[in-house]
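Below: the structure, in structure tokens.
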Ligand SMILES: C[S@@+](CC[C@H](N)C(=O)[O-])C[C@H]1O[C@@H](n2cnc3c(N)ncnc32)[C@H](O)[C@@H]1O
């Protein structure tokens with residue numbers, strides 16, 4: 001089996017950087033892995049400018065990168081591939097039966113998950129490697145677990161088994177405490193599927209599965225749950241959409257529609273402190289904070305109780321606790337958001353290495369927090385967009401580790 005990959009929702013190429021241990025030196029990119037990226041798609045619907053695409057195309061070349069809405073892509077024309085990767089957003093995955101019944105089921109328009117489903121229907125890749133936010137497992141609040149149930153059911157309908165884990169990168173030696181759901185799916189036709197099918201589902205989570213091998217967990221389950229999304233329980237996707245509800249935990253397996261999910265704790269003592277990625281030389285003035293801004297940040301990050309009104313007019317007291325100010329340099333960074341560096345409670349504020357004065361993270365430090373090569377997004381976009389790209393991206397080191405296991409698995413296929 002060839003190690004061919006397509007990257008959907010490619011952004012600035014976090015999956016590719018991780019799988020191929022990409023380096024950037026004097027504007028020259030070297031890909032040091034064995035994965036052959038045969039196609040990528042990236043299109044930003046919210047802006048006319050396409051900086052993420054431009055960055056991807058500048059770094060990797062524009063030949064096999066498409067910059068159109070994924071819904072406009074004829075999925076049959078996508079090159080054949082062994083592995084489909086992509087970080088898709090958490091949206092509403094519910095579906096309704098169409099009134100006429102002729103079209104079958106209809107998901108909400110613009111929901112990117114259905115573009116992934118269309119691609120796997122057309123191309124049947126043996127392996128998928130996906131990433132999403134941690135709350136995917138819990139949403140929506142009114143029907144806990146339905147959205148992830150929909151994902152599992154669509155993968156089951158297309159012949160896949162699944163392993164997932166919510167990984168806090170900071171608990172496994174990465175410089176950011178970013179918690180994300182990682183999903184690996186493998187088709188019934190693979191040897192890996194046959195191998196996993198024979199194992200006890202708990203053992204897959206604790207020791208034998210793709211995640212346990214790189215992200216060790218303590219052997220005791222803090223809680224567990226079982227569920228089933230197969231045809232024997234739910235007639236079709238619309239039935240899952242209307243009726244499925246369950247408690248998903250941070251680790252799990254789905255095979256033949258049967259789900260086993262467990263609450264696991266990390267078993268790793270590697271800490272990557274924020275201070276290690278801090279720029280050591282002189283940092284431009286624009287990143288330093290005026291006294292006025294320092295006071296504003298102090299307020300935003302402090303504990304407070306504010307009287308507010310609910311939409312129906314009833315008063316309530318909004319309260320929030322204090323956050324470290326400035327940020328703790330001995331711990332990994334907190335999760336970086338797309339709004340990083342704005343005057344907001346969630347932006348990092350650190351003590352500068354040279355001057356000890358307070359300042360924001362630089363775009364380069366944000367790239368380091370995600371494990372991208374230095375200056376990866378320095379491709380002509382503004383600082384604000386560079387922060388945005390990194391807030392959207394993922395921790396490259398997590399992808400690299402999962403990639404090691406995927407490579408072993410694929411090497412073992414015919
Ligand atoms: C969560 S980000 C993924 C970031 C990526 N993993 C990285 O490392 O940079 C999702 C991406 O999907 C893109 N996107 C959103 N809607 C899209 C659509 N309809 N077609 C193609 N791409 C889309 C966004 O522009 C964004 O870059």
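The values are calculated or read from the model by the stated rules, or taken from the named source; none is laboratory data. Worth saying up front: this structure is predicted, and the values here are computed from it rather than measured. Positions of Cβ are generated from backbone atoms using ideal geometry, with glycine treated the same way; all protein chains shown enter the neighbour counts.
Residue 382 falls short on exactly one of the conditions (1) in contact with a strand residue (DSSP E or B) (Cβ under 6 Å, 6 or more places away or on another chain); (2) within 20 Å of residue 55 (Cβ to Cβ), and that condition is (1).
Could you please let me know if residue 153 is surrounded by fewer than 24 Cβ atoms within 10 Å (Cβ to Cβ), out of contact with any strand residue (DSSP E or B) (no Cβ under 8 Å at 6 or more places or on another chain) and touching a residue at least 12 places away in the same chain (Cβ under 8 Å)? Considered against the rule, which asks whether it is surrounded by fewer than 24 Cβ atoms within 10 Å (Cβ to Cβ), out of contact with any strand residue (DSSP E or B) (no Cβ under 8 Å at 6 or more places or on another chain) and touching a residue at least 12 places away in the same chain (Cβ under 8 Å), residue 153 comes out as no.
For first residues located in segment 41-56 and over 9 Å from residue 11 (Cα atoms) and at pLDDT 95 or above, partners that are in a loop (DSSP other than H, G, I, E, B) and within 8 Å of the ligand (Cβ to nearest atom) and lie 6+ apart or on another chain with Cβ distances below 6 Å form the pairs 50/44. The requirement of being in a helix (DSSP H, G or I), over 30 Å from residue 392 (Cα atoms) and touching a helix residue (DSSP H, G or I) at 6+ places or on another chain (Cβ under 6 Å) is fulfilled somewhere in segment 183-195, by at least one residue. Hey, any hits in segment 363-370 for a residue that's touching a residue at least 12 places away in the same chain (Cβ under 8 Å), more than 15 Å from the ligand (Cβ to nearest atom) and buried (at least 22 other Cβ atoms within 10 Å of the Cβ)? Yes, that holds for at least one residue.
Any idea which of 274, 343, 337 is touching a strand residue (DSSP E or B) at 6+ places or on another chain (Cβ under 8 Å) and closer than 30 Å to residue 362 by Cβ?
Result of the check over 274, 343, 337: 274.
Within the set 57, 115, 96, 52, the sole residue that is closer than 28 Å to residue 31 by Cβ and touching a strand residue (DSSP E or B) at 6+ places or on another chain (Cβ under 6 Å) turns out to be 57. Out of the residues in segment 192-219 that are loosely packed, with under 14 Cβ neighbours inside 10 Å and in contact with a strand residue (DSSP E or B) (Cβ under 8 Å, 6 or more places away or on another chain), which is farthest from residue 255 (Cα to Cα)? Among them, the one singled out is 218. Can you say whether residue 161 is buried (at least 22 other Cβ atoms within 10 Å of the Cβ) and either touching a helix residue (DSSP H, G or I) at 6+ places or on another chain (Cβ under 7 Å) or at positive phi (or both), as far as the supplied structure shows? Considered against the rule, which asks whether it is buried (at least 22 other Cβ atoms within 10 Å of the Cβ) and either touching a helix residue (DSSP H, G or I) at 6+ places or on another chain (Cβ under 7 Å) or at positive phi (or both), residue 161 comes out as yes. So for segment 57-74 (the condition being in a strand (DSSP E or B), more than 16 Å from residue 376 (Cβ to Cβ), at pLDDT 95 or above and within 15 Å of the ligand (Cβ to nearest atom)), does at least one residue qualify? The answer is yes; a qualifying residue exists. If we keep just the residues of segment 28-54 that are part of a strand (DSSP E or B) and over 16 Å from residue 377 (Cα atoms), which is nearest to the ligand (Cβ to nearest atom)? Checking each candidate, the answer is 41. Here residue 117 does not qualify as buried (at least 17 other Cβ atoms within 10 Å of the Cβ), more than 21 Å from the chain's Cα centre (by Cα), closer than 21 Å to residue 259 by Cβ and assigned by TED's automatic domain parsing to the domain that holds residue 257. Among the residues of segment 89-107, the ones that are in a loop (DSSP other than H, G, I, E, B) and either within 16 Å of the ligand (Cβ to nearest atom) or over 24 Å from residue 159 (Cβ atoms) (or both) come to 10 in all.
Please state which one of 86, 110 is part of a strand (DSSP E or B) and near the ligand (Cβ under 9 Å from one of its atoms).
Of the residues listed, the single one that is part of a strand (DSSP E or B) and near the ligand (Cβ under 9 Å from one of its atoms) is 86.
Considered as a group, the residues in segment 320-355 that are modelled with pLDDT of 95 or more and in a strand (DSSP E or B) include one that is farthest from residue 386 (Cα to Cα), and that residue is 351.
The lone criterion from (1) within 16 Å of residue 287 (Cα to Cα); (2) at pLDDT below 95; (3) surrounded by fewer than 19 Cβ atoms within 10 Å (Cβ to Cβ) left unmet by residue 414 is number (1).
Among 97, 59, which is over 21 Å from residue 130 (Cα atoms) and surrounded by 19 or more Cβ atoms within 10 Å (Cβ to Cβ)? Unique residue meeting the criteria: 59.
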